[in-house]
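Here's the structure, in structure tokens; my notes come after.
Readers should treat all values here as calculations from the given coordinates under stated rules, not as data from a laboratory. The model shown is predicted, which means the values in this text are computed figures rather than measured ones. Glycine gets a Cβ as well: all are built from the backbone with ideal geometry, and neighbour counts include every protein chain shown.
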Amino acid sequence: MRYRSTRGASQTWSLMEGFLLGLAPDGGLLVPEHFPRVDEQTLRTWSRYSFAQLCDAIFRLFGLDLDDRVWQRIVADTVVAFDHPEVTPVTQLDDRTAMLELFHGPTYAFKDVALQLMGQLYAHASAHMGARICILGATSGDTGAAAIAGVRGHDAMRICILHPHEKVSRVQRLQMTTVIEENILNLAVRGTFDDCQRIIKDVFRDAQMKQQYALRAVNSINIVRIIAQMVYYAYAFFRVPQPRFVVPTGNFGNALSAFWLRCIGVPIGDIVVATNENDVLATFFREGVYATRTFKTTPSPSMDIQVASNFERYVYHVLDGDGDAIARMMRTFAEDHSLVFDANVRARMAKDFCADAISNARTLHTIEDTYRTRGVLIDPHTACAVAAARAAPIDGHTVVVATAHPAKFGESIEHICPNQPIPERIAALDRLPVSMCVVEATTEAVVREIVPFFSR
Ligand SMILES: *Cc1c(COP(=O)(O)O)cnc(C)c1O
């Protein structure tokens, strides 16, 4: 199995090469040259598999090129980082609605699933190459915490995460800044998430820096992230009959993983993309127009995204792999901030995804209602999915994807459940020392901090 760029370059990479590469040199994202397919016999075998066994089977299907003993250890170490024996359990919300709980990892959000695995893979790669790996990333909250949790304790790696100063949730900030280890640097940037993102891009454009420190990104959407996330959809598929999946969506990585599971022949039902008021993707799937608009503040900050990086992987799919057309399209988008798709493409999209955008008021109302009627407290991201599921009832079964633990976003739900039980690991954050460095929102200020850190 080889991987190629969405923008048409003829070069291909193996899975592990693609993992280390991140973005393709032409700026595109990596996609498999073709999708592997599973048959009914394989599905029957998979139906008895644990999370770890499914993880192993899916990565092999996607051409895993790693020593078997190393890989088995990596999977085992990933699974034990979760505090639930099933890793991603499926629980019942009501008769026809189940919840796929993705928040049992070290930082209580679904990003732990892929980033625990990626932390292990980076550690192995760095030991194997005998070289230090330096990771640089920007976060609006969850990715930073999950990436830091993924590399802590691995001395051969350095990680620096930029977050917007005073613009992440309290628990998100503490999860990042209370990991006091030599190889971790937290920079709180006096600016917005977009400032952080711009600075990171500047640093990565500096070829000399990139080369000298072997810089790797966690933001650029890594191929391993998408494949790792397919595992829990498969796990849920074998526990709920013909499930429809409703996915709280921001960068479109999680929903794309569900779609790729269908692409390999697992007969899941509809995939519903649920956004918050930042509804660029919902508008795209409903109207065929992809256009950025005014940024809104919402109770679900991890979905406050205007330009969804994984969108390009899906467009590659609906344009039947026409890399030149995608490269042209992305240039147009960079200038006009808007793309319009024709009726043919719109008809295909309608078969692949449904979509809904949930207002702030409906999000909070849904949390309150779910708590009152079901006794289940959900976080504001999951609430967008629950609201979208309720707005479009079906005869069959729905799996709502629960992407974060409610205790992570206490600020927005305090008034609904003032005495929410807080997991011990979150409560303990308040007692830990904090280490972070506040910097101005300029590339120079950030470079001044990261050069000595990465050279140390
Ligand atoms: C990142 C995140 C999302 C959005 O996932 P994407 O893969 O970016 O679409 C949703 N919910 C939570 C809690 C997140 O951290």
Practice item. Would you work out the charge dipole size for segment 298-456 about its Cα centre, treating the Cβ of every Lys and Arg as +1 and the Cβ of every Asp and Glu as -1, and quote it to the nearest 20 debye? Key: 380 debye
Check your understanding: Looking at ALA217, ALA127, HIS415, which one has the Cα that reaches farthest to the positive end of the dipole of the chain (charges on Cβ: Lys, Arg +1; Asp, Glu -1)?
Key -> ALA127
Practice item. Mind checking the full-extension length gain between GLU440 and ASP352? Use 0.36 nm per residue of separation minus the Cα-Cα distance, one decimal, nm. Key: 27.3 nm
Check your understanding: Between segment 135-204 and segment 265-333, what's the alpha-carbon centroid distance in Å?
Key -> 25 Å
Study note, to complete from the structure: With the 8 Å Cα cutoff and a minimum separation of six or more residues, the chain has a relative contact order in percent of 20 percent
Check your understanding: If we restrict to alpha carbons, what Rg and Dmax does segment 134-203 come to, in Å?
Key -> 11.2, 31
Revision key, fill the gap. Here FRET efficiency (C-beta to C-beta, ASP324 to THR91, R₀ 51 Å, nearest 0.05) is 0.65
Exercise for review: With +1 on each Lys and Arg Cβ and -1 on each Asp and Glu Cβ, and nothing else charged, work out how big the dipole of segment 134-210 is about its Cα centre, in Debye to the nearest 20.
Suggested key: 140 debye
Revision key, fill the gap. Going through LYS351/LYS408; LYS167/LYS296; LYS111/LYS351; LYS167/LYS408; LYS201/LYS351; LYS210/LYS408 one by one, the pairs whose alpha carbons sit over 24 Å apart turn out to be LYS351/LYS408; LYS111/LYS351; LYS201/LYS351; LYS210/LYS408
Review point. Do any trypsin sites (Lys or Arg not before Pro) in segment 1-106 lie in a loop, going by DSSP, with at most 14 other beta-carbon atoms within 10 Å of their beta carbon, and if so which?
Key: ARG37, ARG48
Review point. What range in the chain is the longest one free of GluC sites (Glu not before Pro) that are in a loop by DSSP and have at most 10 other Cβ atoms within 10 angstrom?
Key: 183-456
Review point. Once you charge only the Cβ atoms, +1 for Lys and Arg and -1 for Asp and Glu, what is the size of the charge dipole of the chain about its Cα centre, to the nearest 20 debye?
Key: 300 debye
Revision key, fill the gap. Bounding extents of the chain in its principal axis frame from Cα atoms, largest first in Å, are 59, 55, 49
Exercise for review: When a/c is below 1.5 the answer is rounded, else prolate if a/b is larger than b/c, else oblate, so apply that to segment 323-456 with a ≥ b ≥ c taken from the square roots of the Cα gyration tensor eigenvalues.
Suggested key: oblate
